[in-house]
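All remarks here apply to the structure that follows.
No value in this document is a laboratory result; all are computed from the given coordinates. Predicted, not measured: the structure shown is a model, and the values here were computed from it. Ideal geometry is used to build each Cβ from the backbone, glycine not excepted, and the neighbour counts take in all protein chains shown.
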Amino acid sequence: MAGKRKEKMERGRRGRACVVVLGDIGRSPRMQYHALSLANQASLEVDIVAYGGSEPHTSLLANPSIHIYQMKQWPTARQGLPKILQPFMLLLKPLFQFFMLLWYLFVKIPSPDIFIVQNPPSVPTLVAVKWASWFRNSSFVIDWHNFGYTLLGLSLGRNSRFVSLYKWFEKHYGKMADASLCVTKAMQHELAQNWGINATVLYDQPPDFFHPTSLEERHKLFCRLNEHFYDPLGVRDCVSNGTSLLSSQIQNETLFTTEVGSNICLKPNRPALVVSSTSWTPDEDFGILLEAALMYDRRVAAILNEDDSLDEEVIWKEISDGKQCLYPRLLFVITGKGPEKAKYEAKIKTLKLKRVAFRTMWLSADDYPLLLGSADLGVCLHTSSSGLDLPMKVVDMFGCGLPVCAVSYSCIKELVSVDKNGLLFSSSSELADELLTLFKGFPDECDSLKVLKSGALDTGSSSRWVTEWEEHAKPLITEVISRS
């Protein structure tokens, strides 16, 4: 088989790879980057088999060597479905996904030289891709982002028999791969010691389109998002109570910037922009962020000796009139989609805050890097079900020169260097303290924040996805293809 492949390559035929994601490809950035590298760096034709939903990055859509196959999704349960049928429907879903995968991997796509599959989810993905690799005489590579059984354990409990069965399945089929990639040294060690799997570490690194945003790009982005900024989750807040949206549009002014002639300026009394991206799942406790925001609000009021009875509208009017305080307003922009979004939006509406506001939104793959490059601080609440993976959102933040406050867990220091490019916290009180420290004297006199920003810029510029993939993934993939 290897001789036939070599003969075809010598005739000028490009090799072929298939990237498999049992999820929304637009929300699977690492697999998008794999596809781009396979096409551009390994000179392969690339087929992506995944679900649709969110638009992938334009560089993926514009690449003539990348072909996206969108599978049909399991229909959402209809309202009024009898409870007795619900377990039956839960069993049907993975069967439907399994046969849909088989149809695409066996029939719909051209025969690839290599399959690269994202794990988790493990069921039914690993068995479908393994069977397809047998059927089509292709190599089988797993990219370990996390462990599927630990994610399942969040809802069923680690001691569940079903979780134990899932772990056995994940381990059994994981060992069948021709090669494996993983996201941390801690995961590499776990796979080697307890799973019998040798994996190559491929750290997440930002691609080139994650970079600091210029002032002109910021202004254009803020003009596009202005309507969202002025639309509160509650009745009113410290952001929506200021300059009206209509007035700002007429003056070509945003919440953060203003355009005077050909000059764009940052407003001195603008709020500090804090960004957090999430999939709104149980492994990210946004209650921590809400509590920290409330603590920041109360502690600033105490530091400024404000009477508790002081009406917030008095403060809002002073701010809109141009008054600057030792501590700024904070605008938290939470990006992403997921199951717990509505629950937390309802909680936000009940908070009575004077100097803090929240906005939730979904941004395009092109606007998201611009927002990170325009923000003042990132917050990461990812805790990892296994404790062995790292949050890609932090990698993206560093690529844009954005420092981060992140939840502390076992291997996070493989990514975040405390007091260099970010800070770690274990409670809402610690996060509130960090917000007070970093934003004191904002925007010009916040020296601690400037130090972290400089460190984040250094981290982001030190390595990029292209170089990481060239050094660690390309040799492995080339070897696997050549020996299959």
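Among 201-211, 259-269, the peptide with the highest mean count of other Cβ atoms within 10 Å heads the list, and the full ranking is 201-211, 259-269. A crude spin-label estimate for the pair Ser454 and Lys220, with each label 7 Å from Cα along the Cβ direction, gives 3.1 nm.
Here the Kirkwood formula, the inverse mean of 1/r across different C-alpha pairs, assigns the stretch 109-190 a hydrodynamic radius of 13.3 Å. Scaled to the globular estimate 2.2 N^0.38 Å, the Cα spread of the stretch 200-350, given as radius of gyration, is 1.19. Translational diffusion coefficient, Stokes-Einstein: compute it for the chain using the Kirkwood radius over C-alpha pairs as Rh, at 10 °C and 1.306 mPa s, and state it as an integer in µm² s⁻¹. Answer, rounded: 65 µm²/s. A simple spin-label model places the labels of Ile68 and Asp231 2.3 nm from each other, with each point 7 Å out along Cα-to-Cβ. Could you tell me how far the Cα centroid of the stretch 444-462 sits from the Cα centroid of the stretch 292-314, in Å? Using only Cα atoms to place each centre, the spacing works out to 28 Å.
FRET efficiency for the pair Glu259 and Arg161, taken as 1/(1 + (r/R0)^6) with r the Cβ-Cβ distance and R0 = 51 Å, rounds to 0.25. Work out the charge dipole of the chain with +1 on the Cβ of Lys and Arg and -1 on the Cβ of Asp and Glu about the Cα centre, then indicate which of Ser386, Pro475, Tyr173 is farthest towards its positive end. Result: Tyr173, furthest along the dipole toward the positive end.
If both residues of a DSSP beta bridge must be in the chain, then about 10% of such bridges are antiparallel. Which is farthest toward the positive dipole end of the chain among Thr125, Leu363, Gly53, measuring Cα position about the Cα centre, with Cβ charges +1 (Lys, Arg) and -1 (Asp, Glu)? After comparing all options, I get Thr125.
Between Thr200 and Lys93, the FRET efficiency from the beta-carbon distance, with R0 = 35 Å, is close to 0.60.
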